[in-house]
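J.: Got a structure here, written out as structure tokens. Questions coming.
The values are calculated or read from the model by the stated rules, or taken from the named source; none is laboratory data. Please read all numbers here as calculations on a predicted model, not as lab measurements. Cβ sites come from the backbone with ideal geometry, for glycine too, and all protein chains shown count toward neighbours.
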Amino acid sequence: MSPEYIVPLGTSAAVPSGGRHFASLAYVAEAYVVLFDCGEGTQFRLIEAGIRTSRIRVIAISHLHGDHYLGLPGLLSTMVMQQRENPLVLIAPAPLEEVLALLPGIGTERRPFEIDFRAIESHFTSGRVYRNAPETSVGTGGFSITAAALDHTVTAYGFRLQADDRPGNLDVEKAVGLGVTEHDDYRALKSGKSVQATDGRIILPPDVVSPPVSGSSFAYVSDSRPCAAATELASEVDLLYHEATFGEDDRERALATGHSTAREAGEVAARASARRLVLGHFSARYPDAEVLADEARAVFPRVESAKELERYYLRNPDPPS
């Protein structure tokens, strides 16, 4: 099973309240972390979650409202002081690059690591913005990140992270029984190549390797009115994290401010045939987010209201050995 999970670091909308913090979410895989949004105080939340900043490979910023990105300068400054060496991919609206260039302490003259800035231009609508090739030597699986323009009061983007399919498991005992005994042949079979057994027979991968395991998928939608782009990003994902700033009693305010109600988030999940929905980005007027989850459940049953620092697995985690 897939070990990937998300950790909501901040679930507040606009202002922190009731123990909620500014918007940020960590996607945690076995060998890397992808950070979605970076509101003020995110690095403190990472510490509380037990997530090392050195593991962050990609940061994706949805839009340039302060509650979604003002924690980034501090996080980058900490990375500089810790003498980070590994490159960092930063996916964000294009104007952020100029903003960061004005800040002392994180410029190229002091920074010991490279920032690969993937600027999303204003004319962008949708497409792949990052591809991480698998690195078997360090156990990093491949994945892609797709972005799409949402419907907010400013230019804003949602993201989908799609992990590569994983190869099936090799039945070594069965392979030996068929006359395959060389480790190089085992690797060839795992990579999809046929090999020759000791008696001359050709052994095909399906003879000894189980079917591939489909890669897990996750969509992040914050902030936005319900829109076709959100539905497309969330199409059949294992887990959709969608903003639910307001309840149905404030639907007109949600429309005016470029946000979604919890029920509308549920409707997006239903149209997208998502497997699970986790709600976040809650207005301070809802101290108990379960009332919002109840509204979403009226149209989509598999809903949870995000609790900060909890782990939400995309699929069932591996059982303990």
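J.: Output yes when any residue across region 194-205 is closer than 22 Å to residue 141 by Cβ and either in a loop (DSSP other than H, G, I, E, B) or free of Cβ contacts under 8 Å to residues at least 12 places away in the same chain (or both), and no when none is. Explain how you work it out, then say what you get.
T.: Applying the first criterion (closer than 22 Å to residue 141 by Cβ) to region 194-205 yields 205.
Restricting the remaining residues to those that are either in a loop (DSSP other than H, G, I, E, B) or free of Cβ contacts under 8 Å to residues at least 12 places away in the same chain (or both) gives none.
Within region 194-205, not a single residue is closer than 22 Å to residue 141 by Cβ and either in a loop (DSSP other than H, G, I, E, B) or free of Cβ contacts under 8 Å to residues at least 12 places away in the same chain (or both).
J.: In region 242-282, which residue that is outside any helix (DSSP H, G or I) and charged (D, E, K, R) is surrounded by the fewest Cβ atoms within 10 Å (Cβ to Cβ)?
T.: Here the residue is 275.
Conditions tested, residue by residue: (1) modelled with pLDDT under 90; (2) outside the structural domain of residue 269 (by TED's automatic domain parsing).
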position: 124; (1), (2): no, no
position: 140; (1), (2): yes, no
position: 143; (1), (2): no, no
position: 149; (1), (2): no, no
position: 153; (1), (2): no, no
position: 156; (1), (2): no, no
position: 161; (1), (2): no, no
position: 178; (1), (2): no, yes
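J.: Which numbered condition trips up residue 180, out of (1) crowded, with 17+ Cβ neighbours inside 10 Å; (2) among the hydrophobic types (A, V, I, L, M, F, W, C); (3) part of a helix (DSSP H, G or I)?
T.: (3)
J.: If you take just the strands (runs of 3 or more DSSP E) that sit entirely in region 81-171, which of them hold at least 3 residues that are surrounded by fewer than 17 Cβ atoms within 10 Å (Cβ to Cβ)? If you could, list the steps in order and put the result at the bottom.
T.: On the way: elements: 88-93, 115-120, 126-132, 143-149, 157-163.
Per the criteria, 115-120, 126-132.
J.: Separate question: I want to confirm something. Restricting to region 194-212 and keeping residues that are among the β-branched types (Val, Ile, Thr) and in contact with a Ser or Thr (Cβ under 8 Å, 6 or more places away or on another chain), which single residue is farthest from residue 278 (Cα to Cα)?
T.: 198
J.: Checking the condition out of contact with any helix residue (DSSP H, G or I) (no Cβ under 8 Å at 6 or more places or on another chain), assigned to a strand (DSSP E or B) and under 28 Å from residue 258 (Cα atoms), which residue from 35, 25 passes?
T.: Numbers: 35 fails: out of contact with any helix residue (DSSP H, G or I) (no Cβ under 8 Å at 6 or more places or on another chain).
Just one listed residue meets the conditions, 25.
J.: Inspect region 56-79 for any residue being more than 20 Å from the chain's Cα centre (by Cα), under 27 Å from residue 234 (Cβ atoms), part of a helix (DSSP H, G or I) and not aromatic (Phe, Trp, Tyr) and give the result as yes or no. Show your work before the answer.
T.: Within region 56-79, the first condition is being more than 20 Å from the chain's Cα centre (by Cα), and the residues that meet it are 66, 73-74, 77-79.
Filter once more, so that each one left must be under 27 Å from residue 234 (Cβ atoms): 66.
Then keep just the ones that are part of a helix (DSSP H, G or I); that gives 66.
Keeping just the survivors that are not aromatic (Phe, Trp, Tyr) gives 66.
Yes.
J.: Further question: So, residue 288, is that one among the acidic types (Asp, Glu), in the same structural domain as residue 16 (by TED's automatic domain parsing), more than 25 Å from residue 155 (Cα to Cα) and surrounded by fewer than 18 Cβ atoms within 10 Å (Cβ to Cβ) or not? Lay out the reasoning, then the answer.
T.: Details: among the acidic types (Asp, Glu): yes; in the same structural domain as residue 16 (by TED's automatic domain parsing): yes; more than 25 Å from residue 155 (Cα to Cα): yes; surrounded by fewer than 18 Cβ atoms within 10 Å (Cβ to Cβ): yes.
Spelling it out, residue 288 is indeed among the acidic types (Asp, Glu), in the same structural domain as residue 16 (by TED's automatic domain parsing), more than 25 Å from residue 155 (Cα to Cα) and surrounded by fewer than 18 Cβ atoms within 10 Å (Cβ to Cβ).
J.: Any residue in region 8-22 that is farther than 30 Å from residue 287 by Cα and of a type in the set (Gly, Ala, Ser)? Give the steps one after another, and end with the answer.
T.: Of region 8-22, the ones farther than 30 Å from residue 287 by Cα are none.
No, because not a single residue in region 8-22 is farther than 30 Å from residue 287 by Cα and of a type in the set (Gly, Ala, Ser).
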